Amino acid sequence: MEDISNQDQAIELLQQLGLKEYEAKSFVALARRQRGTAKDISETSEVPRTRVYDAIRVLESKGLVETQHSNPQIFRAVSIDEAVNTLQSEYVERTESLRSALSGLEPTDEEESTEATHEVWSISG
């Protein structure tokens with residue numbers, strides 16, 4: 001029971017870090033075994049086999065999965081430490097890009113709001 005909740009938590013956290021559902025499920029399935037084919041991953045993760053290939057391609061581009069080009073192809077997740085470090089680096093890079101983008105925004109009404117204006121409000125009724 002605890003393993004299932006850990007699996008669900010890992011999938012949810014991976015999704016919060018930017019992976020799509022099938023990518024997260026496929027990675028967790030691979031992390032639970034040393035290596036596997038698309039069929040193995042599909043059976044473990046409940047991701048349709050045809051979608052496993054798409055998910056693995058994305059995970060491979062992110063550096064989270066390695067592919068052995070045999071027939072059938074065999075996939076292996078990188079170590080947990082390497083995966084966490086890769087995701088952490090990507091997260092830090094994105095937050096730094098966000099900081100830069102937000103800092104570079106042009107002010108819209110700053111000049112108007114810094115001038116001293118005296119407003120009079122009238123309430124009726």
> Can you pull out the residues in the range 1-48 that are in a loop (DSSP other than H, G, I, E, B) and open to solvent by less than 60 Å² (accessible area, probe 1.4 Å)?
Replying inline: GLY18, LEU19, THR37, VAL47, PRO48
> Out of the range 49-88, which residues are part of a helix (DSSP H, G or I), under 14 Å from LYS20 (Cβ atoms) and of a type in the set (Lys, Arg)?
Replying inline: ARG51, ARG57
>> Looking at ARG32 and the list (1) under 17 Å from VAL84 (Cβ atoms); (2) within 18 Å of the chain's Cα centre (by Cα), which single condition is not satisfied?
In response: (2)
> Could you list, in sequence order, the residues of the range 59-76 that are hydroxyl-bearing (Ser, Thr, Tyr) and within 17 Å of ARG33 (Cα to Cα)?
Replying inline: THR67
> Across the range 49-72, which residue is nearest to VAL84 (Cα to Cα) among those that are open to solvent by 10 Å² or more (accessible area, probe 1.4 Å) and among the small types (Gly, Ala, Ser)?
Replying inline: GLY63
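The values are calculated or read from the model by the stated rules, or taken from the named source; none is laboratory data. Since we're looking at a predicted model, the values are computed, not measured. Note that we place each Cβ from the backbone using ideal geometry, even for glycine, and neighbour counts take in every protein chain shown. These area figures cover heavy atoms from the full protein model, side chains too; ligands, DNA and RNA do not enter into them. Shrake-Rupley method; radii C 1.70, N 1.55, O 1.52, S 1.80 Å.
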